[in-house]
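The values are calculated or read from the model by the stated rules, or taken from the named source; none is laboratory data. All values reported here derive from a predicted model rather than from experimental measurement. Note that each Cβ is placed from the backbone with ideal geometry, even for glycine, and that neighbours are counted across all protein chains shown.
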Amino acid sequence: MKRVLIPAVLAAALTIPAGAVASSHAYSGAVDPSGTLSFKVKKKHGKTRVRAFRFEQIPVTCDAGADTTFGTLDFGIKVKRKKFHAVAVHQPHGSEGSTLKVRGRLTGGARHATGTIRVFGAPPLGSGNPGVNCHTGKRPWTADRKP
């Protein structure tokens, strides 16, 4: 009976397509001059996406003064030729909205990532004060894959 089972299990394992196996890697890094970000790169069915892109404590300049901002993207970003980019607009009911632009590139055999992030409009701010006419400018960032 063992002779029948072992080849049957081996045959079943060999019929699973290689693309059906999902892989995921977590990245974390810093934004220049200050702030942090993190995200995951997931590959499933031959498609690669950046998921759970999160940033915090990024400095912004507003009409009312300086503050920091934070946010999370709740959608996946397609990765093509090791590059990704997204534009997200947040327009809460009855208030001025904000726009996030993020660009990135996986480098070093996908062990590292670099890119830029920009937030402008009325983003959520670290102090809880409503921001008016705020912007980060184009901020470079770097991230490394966690072991």
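Tabulated values for the structure
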| item | result |
| --- | --- |
| All positions within region 16-53 that are at pLDDT below 95 and aliphatic (A, V, I, L, M) | Ile16, Ala18, Ala20, Val21, Ala22 |
| Residue that is more than 15 Å from the chain's Cα centre (by Cα), on the phi < 0 side of the Ramachandran plot and surrounded by 14 or more Cβ atoms within 10 Å (Cβ to Cβ), where the choices are Asp63, Asp67 | Asp67 |
| Among the residues listed as Val89, Val41, the single one being within 16 Å of the chain's Cα centre (by Cα) and without any contact (Cβ under 8 Å) to a residue 24 or more places away in the chain | Val89 |
| Those strands (runs of 3 or more DSSP E) lying entirely in region 81-147 with at least 2 residues modelled with pLDDT under 95 and of a type outside the set (Val, Ile, Thr) | 83-90, 98-107, 112-121 |
| Residue count for region 57-80, restricted to those that are in contact (Cβ under 8 Å) with a residue 40 or more places away in the chain and not in a loop (DSSP other than H, G, I, E, B) | 11 |
| Filtered residues of region 92-124 (kept if touching a residue at least 40 places away in the same chain (Cβ under 8 Å) and at negative phi) | Val102, Gly104, Leu106, Ala113, Ile117, Val119, Pro123, Pro124 |
